[in-house]
Amino acid sequence: MTSDLDCARSIIADATRVVSLTGAGISAESGVPTFRGPGGLWKSFRPEELATPDAFRRDPQTVWEWYAWRRGLIADCAPNAGHAALAEFALRRGGKSIITQNVDGLHTRAAREASGQADPDAAVPIEVHGAIDRDKCSSCGARTPGVADVDVQAAATLPHCDVCGGMLRPDVVWFREPLDPDVIARAFDTARAADVCLVVGTSALVHPAASIPMVTVERGGHIIEVNMEDTPLTSFASVSLKGAAGQVLPSLLDVDLSN
Ligand code: BJW
Ligand code: ZN
């Protein structure tokens, strides 16, 4: 009898272009909390209450406190076997093929680790929701490397822009904010050109990112989903592999991580 894993491996073996869309679940085994589900809440706030421009206008200290906590936590995390398997697969196949909703930079770190002396570009992801290690001025939009130790004591001690004096914020995409049009167009184009979209560790609730795999399907391609639970994309998937990304991806993508 053919297992789901064998079936998924044979779809990937027959494919010319495989794109991946990842979410918070791929970083869970690195110790980065997901947004929804167990351990997904910070001080009982839901992401929809903190990751918004309104929340930042109303209470920038609390929003910065959340991001400062997450920056510190992520700095202590390392890419796991799931990130490594995707990076090695992307480097083997060539062509930019990882799209992530994550802002934690772990795919980029895995790309550098997997590429050795080679150019890591093929495994550097398209980051549709920005990057937590950069700041952006909430007034003039100037971008800067993220301030390391944000002092959240008072609004006046939060980081401010060298150019215009406006308040800095993390360079990430909040609810009701548009995604960078060039970045999201590149993500959709990549998925449209693929014959397989590997969807890993996302609840597929947040749009437009959650719609990306559907363009692969609309062009006759397959979704292969790796998750611990069903999502709104499961019924569109040719194969749904239930399990942890760090365990499933190395065997799915045939990566020997023993050395
Ligand atoms: C494992 C695992 C393991 C665990 N292995 N798996 C269409 C329909 C409906 C609504 C909308 C729509 N289009 C737009 C909207 C509105 C809104 C939206 O989608 N709302 C829904 C919630 C209803 N979208 C937006 O507002 C977007 N903007 C927009 O559309 O703008 C339009 C506009 C145009 C012009 C002018 C103005 C506006 C922006 C969305 C931004 C989302 N931002 C966040 C925060 C980013 C910064 C930060 O990190 O702080 O992005 S919210 C948060 O959710 C974050 C994530 O990237 C995103 C998705 O979460 P993800 O990755 O799926 O994580 P979880 O926690 O939800 O799921 C984890 C999964 O992993 C689970 O399934 C687990 O089972 C699994 N798992 N361990 C494998 N080991
Ligand atoms: Zn500014």
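Things to note:
- Along each principal axis, Cα extent of region 60-107, largest first, Å: 44, 19, 10
- Length added when fully stretched, ASP162-ASP54, from 0.36 nm per residue minus Cα-Cα: 36.5 nm
- 5 angstrom amide H check on LEU198, placed H, neighbours 5+ away: VAL19, SER20, LEU21, ILE224
- Considering only ALA81, ALA155, ALA111, the Gaussian network model of the chain with Cα springs below 10 Å gives its largest mean-square fluctuation to ALA155.
- The alpha carbons of region 161-256 occupy a box of 51, 29, 26 Å along the principal axes, longest dimension given first.
- Beta bridge orientation in region 12-160: antiparallel %, DSSP, nearest 5: 45
- Apportionment of accessible area to carbon and sulfur, the chain, percent (1.4 Å): 51
- For the chain, share of DSSP beta bridges that run antiparallel, in % to the nearest 5: 35
- Per residue, the accessible area of the chain comes to 47 Å² when a 1.4 Å probe rolls over the protein heavy atoms.
- Over the chain, relative contact order from alpha-carbon pairs under 8 Å, at least 6 apart, %: 24
- Size of electric dipole in region 36-88: Cβ of Lys, Arg +1 and of Asp, Glu -1, about Cα centre, debye, nearest 20: 120
- Distance between the 7 Å Cα→Cβ label points at THR234 and LYS43: 3.4 nm.
- Local electrostatic count, GLY72, Cβ distance below 14 Å [Lys/Arg +1, Asp/Glu -1]: -4
- Of the residues LEU41, ILE11, ASN80, the one whose Cα sits farthest toward the positive end of the charge dipole of region 1-148, with +1 on the Cβ of Lys and Arg and -1 on the Cβ of Asp and Glu, is LEU41.
- Hypothetical label at THR16: residues of region 70-102 whose amide nitrogen lies under 18 Å (7 Å Cα-Cβ projection): 93-97
- Pairwise label distance in nanometres, ALA155 with ASP182, each label 7 Å out on the Cα-Cβ vector: 3.4
- Across q = 0.14, 0.23, 0.32 Å⁻¹, region 2-49 modelled as identical point scatterers on its alpha-carbon atoms has Debye log10 I(q)/I(0) values of -0.58, -0.85, -1.11, in the order of the q list.
- Label point at LEU205 placed 7 Å out along Cα→Cβ; residues across region 2-29 whose backbone nitrogen lies under 15 Å: 23-25
- A simple spin-label model places pseudo-atoms 7 Å from Cα toward Cβ; at ASP76 and GLU113 they are separated by 1.8 nm.
- Alpha-carbon geometry of the chain: the Rg and the Dmax are 18.6, 65 Å, given in that order.
- D (Stokes-Einstein, µm²/s), Kirkwood Cα radius, region 185-224, 0.692 mPa s at 37 °C: 329
- For region 46-177, average projected area of the Cα convex hull in nm²: 9.0
- Solution diffusion estimate, µm²/s, Stokes-Einstein, region 82-126, Kirkwood Rh from C-alpha pairs, 20 °C, viscosity 1.002 mPa s: 216
- Proximal charge balance of THR52 [Cβ under 11 Å; K/R count +1, D/E count -1]: -1
- Loop-located trypsin sites (Lys or Arg not before Pro) in region 1-74 whose Cβ has at most 10 other Cβ within 10 Å (DSSP): LYS43
The values are calculated or read from the model by the stated rules, or taken from the named source; none is laboratory data. Here the structure is a predicted model, which is why all the values come from computation and not from measurement. All Cβ positions, glycine included, derive from the backbone under ideal geometry; neighbour counts span all protein chains shown. To get the accessible areas, we keep the full protein, side chains included, count just its heavy atoms, and leave off ligands, DNA and RNA. Shrake-Rupley method; radii C 1.70, N 1.55, O 1.52, S 1.80 Å.
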